[in-house]
Amino acid sequence: MKVEGVRMYGAKDIRLEEFELPQIKEDEVLLKVMSDSICMSTWKEVKLGSGHIRVPDDIAENPVLIGHEFSGVIEKVGAKWADEYKEGERFVVLPGIPDQMGAPGYSYEHFGGAVTYCIVPNDVIEKGCLLHYAGDSFFEVSVSEPMYCIIGGYNANYHTKAETHEHFIGAKKDGNILILGGCGPMGLGAVSYALAMENKPKRVVVTEINDDRLNRAREVISEAEAKAAGVELHYVNTAKMEDEVKELMDLTDGVGYHDVFVYAPVQKIAETGNKVMAFDGCMNLFAGPSDSEFSADMNLYDAHYKNTKILGSSGGIKADLEEALDLIAKKKVKPAVMITHIGGLDAYADTTLHLPEIPGAKKLIYTQFHMPLTAIEDFRKMGKENELFTELADACDRHQGLWNKEAEDILLKYFKVEV
């Protein structure tokens, strides 16, 4: 069958094109992709091409599909899996395939999210990476992937118990959490999860250097909302601080932070996080640097005498994804806080290539039609020329200015997309 998708041929060489998708084998499943949110990891992948560890060397001759935060419906099921999956049901893909480096959106010719239809190989299905989904929206699945990475980051952190060699997984209960560079899409997801997690912290401090991003963060996850969840929430602009380390410590009455998450791969930010850890504190370099020589000054004295720990995390495991989907289904987290732009498949390549330059947070792409990338905050203005955007603006206004199922349904109906 003919499909349309974005494939990578080399570093910074991605192309929207039509190509032939083969018939599925009896041990494969055909997916109809409905949405895919563009990940910064994809930008890093495209920047490196075959230099990326997950990307094959021969993409110039055998291009790979990009995109790994996708959702949709099962279109066709091979005979081997006929008892497990049904045509028309919704799915979730676990992008981190166990025991292999290859992944959808990086390593496969026919398996990725930036396309109208794709094929799930048998080995991926056998590893339990094609999950059933009973929810009613597509966008929430697309951003469940970043949410599961966030949960994986929390679960990567650990603490110890005095007078034992026991390690306890996860953020410290009733502790202080610091999310550095936290007003981007992933940071806001981390704030949302902190308010929903079972062992909630006492306090969450979120830093940023841009007032517009801080103001949006307050609009979508307010201090009052956090207080209702039993968490003390602070948004601070560190660019306006005379003594950043002292003022961050003062917010904890000098105790420091038990869990520090670095959401921007910047040397100074990492060094600040290292300086404000509490006793038995754990710092997680969550933001993946693209520079293989990235480094920063760390206090090893504190590692010895204050039991501080430094680690990094990338992605998550199946249990993290299942938790993310459960929290989303129960409306305990708000993945929509990550989304600021909506577009069609024709916007995918250019958006990916220029992702760091485009303001806002997550860019959500609907793959079954063409539409320019459009900021949600511009819907009302765009409505002067196209009534569709007025309807979308009204729907978003009814949901704190956030993308939502009502808006998604309006968009799919307008473009006559069959679900």
message: Between a residue in segment 297-322 that is aliphatic (A, V, I, L, M) and any residue that is open to solvent by less than 50 Å² (accessible area, probe 1.4 Å), which pairs come within a Cβ distance under 6 Å, given they are 6 or more apart or on different chains?
response: M298/N274; I310/M283; L311/N284; L321/L94; L321/Y148
- request: Give the residue that is farthest from L364 (Cα to Cα), with candidates limited to residues of segment 396-411 that are among the acidic types (D, E) and open to solvent by 10 Å² or more (accessible area, probe 1.4 Å).
  value: D397
field: Residue, most open to solvent (accessible area, probe 1.4 Å), within segment 50-67, restricted to residues that are of a type in the set (A, V, I, L, M, F, W, C) and within 16 Å of G102 (Cα to Cα)
entry: I53
query: When M371 is evaluated against the numbered criteria (1) over 24 Å from C183 (Cβ atoms); (2) open to solvent by less than 40 Å² (accessible area, probe 1.4 Å); (3) in contact with a helix residue (DSSP H, G or I) (Cβ under 6 Å, 6 or more places away or on another chain), which criterion, by number, is the only one it fails?
result: (3)
- prompt: Are there any helices (runs of 4 or more DSSP H) wholly within segment 359-419 with 2 or more residues that are within 16 Å of I339 (Cα to Cα) and of a type outside the set (S, T, Y), and if so which?
  reply: 387-397, 405-414
task: Find the residue count for segment 264-283, including only residues that are in contact with a Gly (Cβ under 6 Å, 6 or more places away or on another chain), farther than 23 Å from C149 by Cβ and open to solvent by 10 Å² or more (accessible area, probe 1.4 Å).
output: 0
message: Cβ-Cβ distance below 6 Å, separation of 6 or more or different chains: which pairs start in segment 397-411 with a residue that is in contact (Cβ under 8 Å) with a residue 12 or more places away in the chain and acidic (D, E) and end on one that is open to solvent by less than 40 Å² (accessible area, probe 1.4 Å) and assigned to a loop (DSSP other than H, G, I, E, B)?
response: E408/S137
Test for M8: is it in a strand (DSSP E or B), more than 19 Å from Y366 (Cβ to Cβ) and hydrophobic (A, V, I, L, M, F, W, C): yes
- prompt: Do you know which residues across segment 246-258 are open to solvent by less than 20 Å² (accessible area, probe 1.4 Å), on the phi < 0 side of the Ramachandran plot and not in a strand (DSSP E or B)?
  reply: L248, T252
- request: Scan segment 117-141 and report the pairs whose first residue is among the polar types (S, T, N, Q) and whose second residue is part of a loop (DSSP other than H, G, I, E, B), with Cβ atoms within less than 7 Å and a gap of 6+ or a chain change.
  value: N122/D27; N122/E28
message: touching a residue at least 12 places away in the same chain (Cβ under 8 Å), open to solvent by less than 10 Å² (accessible area, probe 1.4 Å) and touching a Leu at 6+ places or on another chain (Cβ under 7 Å): which single residue out of V419, V333 fits that description?
response: V333
message: Checking T390 against (1) under 24 Å from A217 (Cβ atoms); (2) modelled with pLDDT of 95 or more, only one condition comes out false. Which one?
response: (1)
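To keep it simple, each residue is scored yes or no on (1) under 20 Å from K172 (Cβ atoms); (2) among the aromatic types (F, W, Y); (3) under 24 Å from the mean Cα position of the chain (by Cα).
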| position | (1), (2), (3) |
| --- | --- |
| K240 | no, no, no |
| L251 | yes, no, no |
| Q267 | no, no, yes |
| K275 | yes, no, no |
| S292 | no, no, yes |
| I310 | yes, no, yes |
| S313 | yes, no, yes |
message: Going by what's in this entry, would G273 be described as within 17 Å of G153 (Cβ to Cβ), in contact (Cβ under 8 Å) with a residue 12 or more places away in the chain and out of contact with any helix residue (DSSP H, G or I) (no Cβ under 6 Å at 6 or more places or on another chain)?
response: yes
message: If I filter segment 296-322 down to residues being open to solvent by 100 Å² or more (accessible area, probe 1.4 Å) and part of a loop (DSSP other than H, G, I, E, B), which single residue comes out as nearest to G189 (Cα to Cα)?
response: S314
query: Filtering segment 21-49 down to residues that are more than 30 Å from D136 (Cα to Cα) and surrounded by fewer than 24 Cβ atoms within 10 Å (Cβ to Cβ), which residue is nearest to the chain's Cα centre (by Cα)?
result: K44
- request: From F286, F261, grab the single residue that is within 22 Å of G189 (Cα to Cα), surrounded by 17 or more Cβ atoms within 10 Å (Cβ to Cβ), out of contact with any Leu (no Cβ under 8 Å at 6 or more places or on another chain) and of a type in the set (A, V, I, L, M, F, W, C).
  value: F286
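The values are calculated or read from the model by the stated rules, or taken from the named source; none is laboratory data. Remember, predicted model here, so these are calculated numbers, not experimental data. Neighbour counts run over all protein chains shown; Cβ positions are idealised from the backbone, glycine included. When the accessible area is computed, the model is the full protein with side chains, heavy atoms only, and any ligands, DNA or RNA have been set aside. Shrake-Rupley method; radii C 1.70, N 1.55, O 1.52, S 1.80 Å.
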